[in-house]
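Scroll down for the structure; my scribbles are underneath it.
The values are calculated or read from the model by the stated rules, or taken from the named source; none is laboratory data. What you are looking at is a predicted structure, and each value in this text was computed from that prediction instead of being measured. Virtual Cβ from ideal backbone geometry, glycine too; neighbours counted across all protein chains shown.
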Amino acid sequence: MTSVIVPAASLGLRAKLALCWPDNSPPFRPRSLERYIRYLHLMHDVIRASIPLMELALTRCDDQTEQGARLADYYRHHIIEESGHVELVLEDLDELGVSNAQALARVPDLTIVAMAGSQYYWLIHVSPLPLLGYIAFLEGRPPTSETLEAVKAILPEGSGAYRALAVHAEADPHHSREMDELLDGLNLTHEQASLIGASAIQSVRLYLEAAISMNQVP
């Protein structure tokens, strides 16, 4: 039986993500400096896993097929694009009084551990494709200009501890367009698109759980 190719796979994935998170509300509302620091810790928990996950994905790509080669090219390129981002978060935390040693010694958010950790399962036991759903979700809701201004308003005067947010506010819309082009060019089967969608939905559910918990803390 011949597998059916999914046309415009990006539209299907975006529709699934929209159903999971139907409004445009941000995951973080910068109501206090303490809450912003908590958000930076959460951001660090997520970003520190990004490059290692893509490096593992590269080892799982089959360069002998057109789809595998294109997927490997994407991961190689995106590793370069994401380089230095975790250091930006650590710089922001350090400026706000949390040393690198303190940030790295902190027990990470267990829901984020589950979210990122599940991607290792997908990569080792399934394929390198589901990681695309994870990345599409994380980069599909970039920080807004309103969020950036709200963060600046709660920072100490003259502080530049919003570097990581600013970089993602600028880069993520472009990365989302790249992802859509990739998804539409991979000639995904329905089974493959379903794997990517399942990973994306799982990622939204776990991230929202972590974000809601964070926002409930005064």
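Looking at Leu71 and the list (1) over 23 Å from Thr189 (Cβ atoms); (2) of a type in the set (A, V, I, L, M, F, W, C); (3) in contact (Cβ under 8 Å) with a residue 24 or more places away in the chain, which single condition is not satisfied?
Leu71 satisfies every listed condition except (1).
Inside the range 143-170, can you point out the residues that are crowded, with 19+ Cβ neighbours inside 10 Å and under 17 Å from the mean Cα position of the chain (by Cα)?
Passing the criteria: Pro143, Ala164, Leu165, His168.
In the range 61-119, which helices (runs of 4 or more DSSP H) lie fully inside it and hold 3 or more residues that are acidic (Asp, Glu)? So that I can check it myself, show each step before the final result.
On the way: elements: 66-82, 85-95, 100-105.
Helices (runs of 4 or more DSSP H) meeting the threshold: 66-82, 85-95.
Filter the range 101-128 for residues that are of a type in the set (Gly, Ala, Ser) and either at pLDDT below 95 or within 15 Å of Leu58 (Cα to Cα) (or both) and give the result. Before the answer, list the steps.
Filtering the range 101-128 for residues of a type in the set (Gly, Ala, Ser) gives 101, 103, 105, 114, 116-118, 127.
Of everything in the range 101-128, just one residue is of a type in the set (Gly, Ala, Ser) and either at pLDDT below 95 or within 15 Å of Leu58 (Cα to Cα) (or both), namely Ser127.
In the list Leu33, Leu71, which residue meets the criterion of being of a type outside the set (Phe, Trp, Tyr) and modelled with pLDDT under 95? Show your work before the answer.
Numbers: Leu71 fails: modelled with pLDDT under 95.
When all the criteria are applied, what remains is Leu33.
Can you tell me which residue in the range 82-108 is farthest from Tyr134 (Cα to Cα), limited to those that are within 15 Å of the chain's Cα centre (by Cα) and surrounded by 15 or more Cβ atoms within 10 Å (Cβ to Cβ)?
Ranking the qualifying residues of the range 82-108, first place goes to Val89.
Hand me the list of helices (runs of 4 or more DSSP H) wholly inside the range 123-210 holding 3 or more residues that are of a type in the set (Ser, Thr, Tyr) and free of Cβ contacts under 8 Å to residues at least 12 places away in the same chain. Please lay out each step first, then the result.
Working: elements: 131-139, 145-154, 163-185.
Correct list: empty, since no element meets the threshold.
Would you call Ser118 of a type outside the set (Lys, Arg), surrounded by 13 or more Cβ atoms within 10 Å (Cβ to Cβ) and touching a Gly at 6+ places or on another chain (Cβ under 9 Å)?
It is false that Ser118 is of a type outside the set (Lys, Arg), surrounded by 13 or more Cβ atoms within 10 Å (Cβ to Cβ) and touching a Gly at 6+ places or on another chain (Cβ under 9 Å).
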